[in-house]
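The values are calculated or read from the model by the stated rules, or taken from the named source; none is laboratory data. In this text the structure is predicted, and so the values were computed from the model without any measurement. All Cβ positions, glycine included, derive from the backbone under ideal geometry; neighbour counts span all protein chains shown.
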C-alpha cells in the first residue's frame, strides 16, 4: 500500500511540474508573439515585379533582417539589368567570392588539390 501511495504522490508532483511548465510555455508564447509584432516585415520583390511581405514565424536576428533588406536593395538596384547582364554580375560575384576563399585558404583553386594526400 505504501508503494502505491508513493507512486500516486510522484504522479501528482509530475502533474504539478507539467502544469508549471505549460504556464511557462504560454508566457514564452506571449513574449514571442510580442517580438514578432515589433519585428518589421521584410518586403521582397518577386521576379514578376510584385511585392511580397515576409513576416518571420519565429524571432530572427537583426543581422538576418538586415541581410534580407540588403538583398532586396541589391535586387532593386539590378532590376534594370537585362537577364544576360544579371547573369554576368552573378558570375563576377561568384568569381570574387571564390578568389577570396582561395586567398583565405578556405577553398581550393584546382579540384586536384582535393586529392592531395589520398
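Brief remarks follow.
- Among the residues making up the range 30-43, a single one is modelled with pLDDT of 75 or more, part of a helix (DSSP H, G or I) and under 24 Å from residue 63 (Cβ atoms): 31.
- Leading residue by the ranking (modelled with the highest pLDDT) among those in the range 59-72 that are exposed (fewer than 10 other Cβ atoms within 10 Å of the Cβ) and assigned to a helix (DSSP H, G or I): 63
- Residue ID - nearest to residue 83 (Cα to Cα), chosen from residues in the range 44-58 that are surrounded by 11 or more Cβ atoms within 10 Å (Cβ to Cβ) and at pLDDT 75 or above: 45
- Residue in the range 89-106 that is in contact with a strand residue (DSSP E or B) (Cβ under 7 Å, 6 or more places away or on another chain) and either within 30 Å of residue 49 (Cβ to Cβ) or loosely packed, with under 11 Cβ neighbours inside 10 Å (or both) present: no
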